Each structure stands twice: as C-alpha cells, then as structure tokens.
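Following: one structure in structure tokens, then a few remarks.
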Amino acid sequence: MYTEAKVEEKAIYLILDSRSARSIITYQLMQQLKRNVDQPAQTVIITADNMKKTPVGEIDNFLFTLDGIIIPVKVLVMDVSQYQAFVRNNWLQKANANLNWERQELTISY
C-alpha cells in the first residue's frame with residue numbers, strides 16, 4: 001500500500017510496509033534533497049529479491065509530511081531504484097497509523 005507524501009516540499013509516493021524491518025529512502029532521493037547521511041549504517045539488508053545489500057548510511061529524524069502532519073523517523077539510505085521511500089512499523093506506530101487494507105486507506109493521528 002502507498003500514499004502521497006512530501007519530503008522538504010518534494011512530492012513522493014511513500015510505501016507503507018508493516019512487514020519491513022527498517023524505514024528506507026533511496027540514495028537518489030537523498031541526493032535530490034541535497035542531504036547527507038548522519039552516520040554509517042551498521043547493518044546489511046536482505047532485499048525482496050533475496051540479495052544482501054549494505055546501506056549507504058543512516059539519517060536521523062528524516063521528516064515525512066502527510067496531510068500537513070510532519071512525522072520524523074530514522075531511515076536507512078539504499079542505492080536502489082525500485083521506489084523512493086518506504087516506512088515500517090516504527091513510523092506507523094509513531095504516527096498512530098490505522099491501515100485499512102481492504103479499502104486501501106490510511107488514517108493517522110500524530
């Protein structure tokens with residue numbers, strides 16, 4: 001499931017993934033925003049196609065805006081091209097998100 005979001009006024013499609021281990025943005029998105037990683041990543045990610053990838057780094061307090069509500073989260077930066085960003089359970093819980101999978105609706109009360 002995905003939703004429209006903004007990152008520093010840039011419109012993106014944000015994937016909502018309740019099964020993902022970490023929230024992730026792409027290296028390309030980080031470059032477009034003229035951001036840098038805050039620290040090196042201390043993990044290896046196993047991708048959906050079962051490949052091991054080392055993240056470029058991590059950004060603390062990365063701000064996603066949905067319907068005018070700004071919700072920060074720590075993200076990994078990955079050099080991939082299949083998506084721009086996705087958030088996992090830590091962001092979904094922080095946003096007090098309610099996902100209605102049948103209707104494909106997201107409600108947040110942050």
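The values are calculated or read from the model by the stated rules, or taken from the named source; none is laboratory data. Keep in mind that this is a model prediction, so the values were computed, not measured. Don't worry about glycine lacking a Cβ; one is built from the backbone with ideal geometry, like all the others, and counts go over all protein chains shown. Keep in mind that these areas ignore ligands, DNA and RNA; they rest on the heavy atoms of the full protein, side chains included. Shrake-Rupley method; radii C 1.70, N 1.55, O 1.52, S 1.80 Å.
Details
- Among the listed pairs Lys6/Lys52; Lys10/Lys94; Lys6/Lys34, a Cα-Cα separation exceeding 18 Å is found for Lys6/Lys52; Lys10/Lys94.
- Take the chain with all the other protein chains still there, run a 1.4 Å probe, and you get 62 Å² of accessible area per residue.
- As computed over the chain, the Cα convex hull volume per residue (Å³): 98
- Mean separation of Cα pairs under 8 Å and 6 or more residues apart, divided by the residue count, gives the chain a relative contact order of 32 percent.
- With at most 14 other Cβ atoms within 10 Å, longest stretch of the chain clear of loop GluC sites (Glu not before Pro) (DSSP): 10-101
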